[in-house]
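Student: Below you will find the structure I want to go over with you.
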Amino acid sequence: MTAISSDFSSAPVLPKWTAPVLLLAFAYGVVPLIGSSYLFEAILLPFLALSLAGVGLNILTGYAGQVSLGSAAFMAAGAFAAYNFNLRVEGLPLIGSIVLAGLVAAAIGIVFGLPSLRLKGFYLAVSTLAAQFFVQWALTKFSWFSNDSASGVIDAPRLSIAGYALDGAVGRYLFALTIVAVLTFLAYRLVSSQTGRNFIAIRDNETAARIIGIPVLKTKLLAFAISSFIIGVAGVIWAFAYLRTVEPDGFDLDRSFQILFIIIIGGLASIRGAFFGAALIVVFPLALSRLGGFLLGDLFDSGVLDMSQRIVLGALIILFLILEPDGLVALWDRIRRRLLFAWRST
Amino acid sequence: MPLPSYALGVMEASVYAPEVLARGLPSALPPAQPSEGRAGLAAQAAPLLSLQGIGLSFGGVVALADIDLSVLSGEIRAIIGPNGAGKSSLINVISGVYRPDRGHVLLDGIRHAHVPTQRLAHLGVARTFQNLALFKGLSVLDNVASGLAFKVRSNFAGQVLGIGRSRGEQRDTLSRADQILEFLDLSPVRDRLVGTLPYGLQKRVELARALVAEPRLLLLDEPMAGMTASEKGEMAGFVRAARDRFATTVVLIEHDVGVVMGLSDRIAVLDYGRKIADATPDEVRNDQRVIDAYLGVASDNEDGAGI
Ligand SMILES: Nc1ncnc2c1ncn2[C@@H]1O[C@H](COP(=O)(O)OP(=O)(O)OP(=O)(O)O)[C@@H](O)[C@H]1O
Ligand SMILES: [Mg+2]
């Protein structure tokens, strides 16, 4: 689990914000004009929500080294908290509901992060399952959380910011994009700050970190809190901008694993990695179903699709763990370097 | 991986003369025990560190048995002994990694049954580890900067937004880290991931991480293990220079008896968890028990060639 060093002496000296700024300009300026509603609804919205969840989990697992299988629980906590703040607090703007929802998820994250003070690795991962089961159970059991709807289903409120409605696919895309961009920028600042260095120090050598005076317990809980905040907000995007109608069962253990796979495939301890991983996880099933339908026709029904998806994904994860433990990001950097090198030597 | 030419054995320890040491080093030293001066005066003052009746065992293995040890301010205090003698255990007790079964540690006149590891840096104690304990995912600079983490007072929100005291702190941390890197001749590898450096340089980064805190007591567990002779000479020069520059008291574990004899003021010899000698290098060299237990064995291998 080492961070990726992206410095390469012969790379052209563009400021490092060039690529993100160009991407953002494209995402804001071009995509809304050319995108189809399928692109937004089936690809970009889940991609943005899962990327943000991946960024959140990467802070905890990739940087601070604390393995968690509770991500879906924090997404659910965020989604249901935002729903209730929006429903029950008169006059609270949408942004207020989202921030408060993030804080609720952070508080739950701290509580379920307490075992990390004693447990490590596999044992910690198992203990975070408690969050997964508890939150899902509580949301199903107490119908108050879903305003007494049947089986805990909630409908997202209309999205609007400063009176400007964002209900269409493009509006929801811009809403999600903005939140993801802001939180990703802050996450990037965090991991390159002293606190981010402390996360990595605790991950790489906890005893040495304690000896040089890093407040280990506080820092671990902080990692849980920040990570859960971000994942909670990702849950709000998932529920409000992407699906619009969610139930607690949509945030099950499968979802937690999905987010863990995103950061493993994309690259641990890399902010970009979460986006690479989420892109693969979102696009891959769509591509597989197209390919399967093309090759096998009607034989390739949803049952076969589901099964083949799991098999291929499982194989992919094993391959990555063995061949490219630093994930798609490392692969990408290597390819880019090769291309640059080839380009320069011609 | 290409090794920069400066890296190994180019500079001799003697290069670290006053010109080098005087330039650009952190100015504000925490006053080393205000009532005491440096080594010369220290003899009649209370020791900076003393261990009293330390006992430690693991299951049936007695790692330390009734150890007394005093370390005076400003001295380089070596601990030697054969493998498994309990040297590392002793440093682990001093730094609170182990809790002794018996006895206590007096640090700066304060008595600890178990030294509080989490407060160690605040107590002015820093250490290195026998097996490298660097943060592999961080650059050399960030590893060294992490040695100042205990001083950070800004919170994460201030750091993320770049407001409040965080900016000044960050600048201060990096400039101190840079000064130490320069002092230990590590500036050229400043931005490398620490795991990509050769072993000898990693050992030196660990020394830098400990030194950047400007500790009053520096515990070094085999800082020269696995080094070539010229690297050892360099490292010995750095240890001495660090003591002279920062008025740091050093506790040093080292197997190379030649290096130890030349570097230390007093030497304690451990064998099977017991202290069998504690004296100046010359006295230790001629002590029959030490020769039987350790030096006699050591002279079989080239490490002991200095004797
Ligand atoms: N954490 C531990 N658990 C069990 N036994 C230990 C532990 N630490 C040390 N010991 C035992 O205590 C004894 C002293 O070990 P220690 O590491 O202090 O020796 P040392 O003098 O540093 O040896 P070396 O020169 O090989 O580093 C050894 O017998 C060792 O096996
Ligand atoms: Mg040892």
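Student: What number of residues within segment B:186-198 satisfy the criterion of being surrounded by fewer than 20 Cβ atoms within 10 Å (Cβ to Cβ) and either in a helix (DSSP H, G or I) or among the acidic types (Asp, Glu) (or both)?
Tutor: So the count comes out to 5.
Student: Then there is this: Considering (1) crowded, with 23+ Cβ neighbours inside 10 Å; (2) away from ligand 1 (no atom under 16 Å from the Cβ); (3) of a type in the set (A, V, I, L, M, F, W, C), say which one B:Ile267 fails and leave the rest.
Tutor: Going through (1) crowded, with 23+ Cβ neighbours inside 10 Å; (2) away from ligand 1 (no atom under 16 Å from the Cβ); (3) of a type in the set (A, V, I, L, M, F, W, C) one by one, B:Ile267 breaks only (2).
Student: When segment B:97-121 is examined, which residues are found to be part of a loop (DSSP other than H, G, I, E, B) and under 18 Å from B:Val251 (Cα atoms)? Don't jump to the end; show me each part of the working.
Tutor: If we filter segment B:97-121 for residues that are part of a loop (DSSP other than H, G, I, E, B), which is where we start, we get B:97-101, B:108-109, B:113-116, B:120-121.
Result: B:Val97, B:Tyr98, B:Asp108, B:Gly109, B:Val115, B:Leu120, B:Ala121.
Student: Taking the condition at pLDDT 95 or above, of a type outside the set (Gly, Ala, Ser) and surrounded by fewer than 15 Cβ atoms within 10 Å (Cβ to Cβ), does B:Arg99 pass? Walk me through it before giving the result.
Tutor: Details: at pLDDT 95 or above: yes; of a type outside the set (Gly, Ala, Ser): yes; surrounded by fewer than 15 Cβ atoms within 10 Å (Cβ to Cβ): yes.
Yes, satisfied.
Student: Identify all residues within segment A:87-128 that are farther than 30 Å from A:Tyr164 by Cβ and β-branched (Val, Ile, Thr); write none if there are none.
Tutor: The first filter runs over segment A:87-128 and keeps only residues farther than 30 Å from A:Tyr164 by Cβ, leaving A:107-128.
Selection gives A:Ile108, A:Ile110, A:Val111, A:Val126, A:Thr128.
Student: Would you check if there is a residue in segment B:240-250 being within 16 Å of ligand 2 (Cβ to nearest atom), in contact with a strand residue (DSSP E or B) (Cβ under 6 Å, 6 or more places away or on another chain) and hydrophobic (A, V, I, L, M, F, W, C)?
Tutor: No.
Student: Is it the case that some residue within segment A:285-292 is more than 13 Å from A:Ile43 (Cα to Cα), within 19 Å of the chain's Cα centre (by Cα) and buried (at least 17 other Cβ atoms within 10 Å of the Cβ)?
Tutor: Let us first name the residues in segment A:285-292 that are more than 13 Å from A:Ile43 (Cα to Cα), namely A:288-292.
From what's left, within 19 Å of the chain's Cα centre (by Cα): none.
So far as segment A:285-292 goes, no, none of its residues is more than 13 Å from A:Ile43 (Cα to Cα), within 19 Å of the chain's Cα centre (by Cα) and buried (at least 17 other Cβ atoms within 10 Å of the Cβ).
Student: For B:Asn131, indicate whether it is at pLDDT below 95, within 14 Å of ligand 1 (Cβ to nearest atom) and closer than 27 Å to B:Phe246 by Cα. Walk me through it before giving the result.
Tutor: Values: at pLDDT below 95: yes; within 14 Å of ligand 1 (Cβ to nearest atom): yes; closer than 27 Å to B:Phe246 by Cα: yes.
Spelling it out, B:Asn131 is indeed at pLDDT below 95, within 14 Å of ligand 1 (Cβ to nearest atom) and closer than 27 Å to B:Phe246 by Cα.
Student: Check segment B:272-293 and report whether any residue there is of a type in the set (S, T, N, Q), touching a residue at least 60 places away in the same chain (Cβ under 8 Å) and either closer than 13 Å to B:Ile76 by Cβ or more than 16 Å from ligand 1 (Cβ to nearest atom) (or both).
Tutor: No, the conditions are met nowhere in segment B:272-293.
Student: I need the full set of residues from segment A:181-202 which are facing chain B (nearest Cβ under 7 Å) and within 11 Å of A:Tyr63 (Cα to Cα), in order please.
Tutor: Listed by number, the residues that qualify are A:Leu190, A:Thr195, A:Arg197, A:Asn198, A:Ile200, A:Ala201.
Student: Continuing with this model, one more query. Inside segment B:62-81, can you point out the residues that are on the phi < 0 side of the Ramachandran plot and either near ligand 1 (Cβ under 7 Å from one of its atoms) or within 14 Å of another protein chain (Cβ to nearest Cβ) (or both)? Let's see the steps before the verdict.
Tutor: Looking only at segment B:62-81, we keep the residues that are on the phi < 0 side of the Ramachandran plot, and these are B:62-65, B:67-73, B:75-80.
Hit for segment B:62-81 is B:Ala63, nothing else.
Student: Considering every residue within segment A:166-179, establish whether at least one is at the interface with chain B (Cβ under 8 Å from one of its Cβ atoms) and either more than 30 Å from B:Leu218 (Cα to Cα) or outside any helix (DSSP H, G or I) (or both). Talk me through it step by step, then tell me what you get.
Tutor: Keep residues of segment A:166-179 that are at the interface with chain B (Cβ under 8 Å from one of its Cβ atoms), which gives none.
The answer is no, given that none of the residues of segment A:166-179 is at the interface with chain B (Cβ under 8 Å from one of its Cβ atoms) and either more than 30 Å from B:Leu218 (Cα to Cα) or outside any helix (DSSP H, G or I) (or both).
Student: For segment B:146-158, which residues satisfy the criterion of being facing chain A (nearest Cβ under 10 Å) and either in a helix (DSSP H, G or I) or not small (Gly, Ala, Ser) (or both)? Can you show your working first?
Tutor: At the first step, the residues of segment B:146-158 found to be facing chain A (nearest Cβ under 10 Å) are B:146-152, B:154-158.
Across segment B:146-158, the qualifying residues are B:Ser146, B:Leu148, B:Ala149, B:Phe150, B:Lys151, B:Val152, B:Asn155, B:Phe156, B:Ala157, B:Gly158.
Student: Return the total of residues in segment B:107-138 being at the interface with chain A (Cβ under 8 Å from one of its Cβ atoms) and not aromatic (Phe, Trp, Tyr).
Tutor: Of the residues in segment B:107-138, the ones at the interface with chain A (Cβ under 8 Å from one of its Cβ atoms) are B:117-122, B:126-127, B:129, B:133-138.
Filter again for not aromatic (Phe, Trp, Tyr), leaving B:117-122, B:126-127, B:133-134, B:136-138.
Within segment B:107-138, residues that are at the interface with chain A (Cβ under 8 Å from one of its Cβ atoms) and not aromatic (Phe, Trp, Tyr) number 13.
Student: Determine which member of the set B:Ala157, B:Ala149 is without any contact (Cβ under 8 Å) to a residue 40 or more places away in the chain, more than 16 Å from ligand 1 (Cβ to nearest atom) and more than 19 Å from the chain's Cα centre (by Cα). Step through it out loud before you land on a result.
Tutor: Details: B:Ala149 fails: more than 19 Å from the chain's Cα centre (by Cα).
None of the other options fit; the residue is B:Ala157.
Student: Yes or no: B:Gly53 among the small types (Gly, Ala, Ser), more than 14 Å from ligand 1 (Cβ to nearest atom) and in contact with a strand residue (DSSP E or B) (Cβ under 8 Å, 6 or more places away or on another chain)? Write out each step before concluding.
Tutor: On the way: among the small types (Gly, Ala, Ser): yes; more than 14 Å from ligand 1 (Cβ to nearest atom): yes; in contact with a strand residue (DSSP E or B) (Cβ under 8 Å, 6 or more places away or on another chain): yes.
So B:Gly53 passes the test.
Student: Of the numbered conditions (1) among the polar types (S, T, N, Q); (2) within 14 Å of chain A (Cβ to nearest Cβ); (3) assigned to a loop (DSSP other than H, G, I, E, B), B:Asn143 satisfies every one except a single condition; which is it?
Tutor: If we test B:Asn143 against (1) among the polar types (S, T, N, Q); (2) within 14 Å of chain A (Cβ to nearest Cβ); (3) assigned to a loop (DSSP other than H, G, I, E, B), just (3) comes out false.
Student: Would you confirm, using the coordinates I've provided, whether A:Ala77 is farther than 26 Å from A:Val329 by Cα and either out of contact with any strand residue (DSSP E or B) (no Cβ under 9 Å at 6 or more places or on another chain) or part of a loop (DSSP other than H, G, I, E, B) (or both)?
Tutor: Working: farther than 26 Å from A:Val329 by Cα: yes; either out of contact with any strand residue (DSSP E or B) (no Cβ under 9 Å at 6 or more places or on another chain) or part of a loop (DSSP other than H, G, I, E, B) (or both): yes.
Spelling it out, A:Ala77 is indeed farther than 26 Å from A:Val329 by Cα and either out of contact with any strand residue (DSSP E or B) (no Cβ under 9 Å at 6 or more places or on another chain) or part of a loop (DSSP other than H, G, I, E, B) (or both).
Student: Could we say that A:Ala241 is buried (at least 24 other Cβ atoms within 10 Å of the Cβ) and at the interface with chain B (Cβ under 9 Å from one of its Cβ atoms) here? Walk me through it before giving the result.
Tutor: Working: buried (at least 24 other Cβ atoms within 10 Å of the Cβ): yes; at the interface with chain B (Cβ under 9 Å from one of its Cβ atoms): no.
For A:Ala241, the condition - buried (at least 24 other Cβ atoms within 10 Å of the Cβ) and at the interface with chain B (Cβ under 9 Å from one of its Cβ atoms) - is not met.
Student: Only one of these is small (Gly, Ala, Ser), surrounded by fewer than 21 Cβ atoms within 10 Å (Cβ to Cβ), over 30 Å from B:Gly258 (Cβ atoms) and away from chain A (no Cβ under 14 Å): B:Gly59, B:Gly168, B:Gly162, B:Gly84. Name it. First the steps, then the outcome.
Tutor: Numbers: B:Gly168 fails: away from chain A (no Cβ under 14 Å); B:Gly162 fails: away from chain A (no Cβ under 14 Å); B:Gly84 fails: over 30 Å from B:Gly258 (Cβ atoms).
After ruling out the rest, the residue left standing is B:Gly59.
Student: Please determine, by comparing only the residues of segment B:171-227 that are among the polar types (S, T, N, Q) and within 13 Å of another protein chain (Cβ to nearest Cβ), which one is farthest from B:Leu49 (Cα to Cα).
Tutor: Across segment B:171-227, the extreme among qualifying residues is B:Thr196.
Student: Which one is surrounded by the most Cβ atoms within 10 Å (Cβ to Cβ) among residues in segment B:249-263 that are at pLDDT below 95 and of a type outside the set (A, V, I, L, M, F, W, C)?
Tutor: Per the stated criteria, the residue is B:Glu254.
Student: Within the group B:Lys275, B:Lys232, which residue is farther than 20 Å from B:Ile94 by Cα and surrounded by 20 or more Cβ atoms within 10 Å (Cβ to Cβ)? It would help to see each step written out before you state the result.
Tutor: Working: B:Lys275 fails: farther than 20 Å from B:Ile94 by Cα.
After applying the criteria, what remains is B:Lys232.
Student: I've got another one for you. Taking the condition of being of a type outside the set (S, T, N, Q), within 13 Å of chain A (Cβ to nearest Cβ) and in contact (Cβ under 8 Å) with a residue 60 or more places away in the chain, how many residues in segment B:87-98 meet it?
Tutor: 2
Student: Which residue out of A:Asp155, A:Asp148, A:Asp167 is touching a Lys or Arg at 6+ places or on another chain (Cβ under 9 Å), of a type in the set (Asp, Glu) and free of Cβ contacts under 8 Å to residues at least 12 places away in the same chain?
Tutor: Numbers: A:Asp155 fails: free of Cβ contacts under 8 Å to residues at least 12 places away in the same chain; A:Asp148 fails: touching a Lys or Arg at 6+ places or on another chain (Cβ under 9 Å).
Unique residue meeting the criteria: A:Asp167.
The values are calculated or read from the model by the stated rules, or taken from the named source; none is laboratory data. Nothing here was measured: the structure is a model prediction, and the numbers come from that model. All Cβ positions, glycine included, derive from the backbone under ideal geometry; neighbour counts span all protein chains shown.
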